[in-house]
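Q: My questions will all concern the structure given below.
Read-outs throughout are calculated quantities, based only on the coordinates presented, and are distinct from any laboratory measurement. This structure is a prediction, so every number in the text was calculated from the model and none was measured. All Cβ positions, even for glycine, are placed from backbone atoms using ideal geometry, and neighbour counts span all protein chains on display.
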Amino acid sequence: MRDVEFNEFMREFYEEAQATQKVASQEYAQNDDKFANFKMIADIMQYRPHLRGIITPEDVAWIYRFKHILSQLKGVSLREGMRGRRIDDNVYGVIIAGMEEETLTTNRTIKPHATNVSTPFSAREREAAEFHTAGVRREVSVD
């Protein structure tokens, strides 16, 4: 591929990635915070005793990104095709970079359970979630 062709491909690829992120952001972001869903999931994970104080919003974004990386490595994507997986991988990479930038520019560390994002769960629902997840551990193996 020649330089001019590659530059055009890259422009189109990133336009598609930006459109993908815009749609996903409308579904998941809250209160104009692009990272709200990652913060909320990190907060929810604090109810798992063995994860308390460990999982950050950045960790959550990396987990989502790894799903797409693993799919690419296996060469399998039945739903959206490999291009879609690569676009999602890039979008998560930019989200993670944005979280790092937010941390640097606000001169603070993103920590779990300090996100100022209120989860949509009542105290009773949180207690039920903690009860149902207490002591549940899953072993994950990578073939």
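Q: Could you please give the count of residues in region 43-86 that are hydroxyl-bearing (Ser, Thr, Tyr), in a helix (DSSP H, G or I) and closer than 19 Å to Glu100 by Cβ?
A: The total comes to 1.
Q: Moving to a separate point now. Kindly indicate whether Lys39 is crowded, with 19+ Cβ neighbours inside 10 Å and touching a helix residue (DSSP H, G or I) at 6+ places or on another chain (Cβ under 7 Å).
A: yes
Q: Looking at region 46-68, which of its residues are surrounded by fewer than 17 Cβ atoms within 10 Å (Cβ to Cβ) and among the aliphatic types (A, V, I, L, M)?
A: Within region 46-68, Leu51, Ile54, Ile63 meet the criteria.
Q: Restricting attention to region 10-49, which residues are among the β-branched types (Val, Ile, Thr) and without any contact (Cβ under 8 Å) to a residue 60 or more places away in the chain?
A: Once the filter is applied, which keeps residues that are among the β-branched types (Val, Ile, Thr) and without any contact (Cβ under 8 Å) to a residue 60 or more places away in the chain, region 10-49 yields Val23, Ile41.
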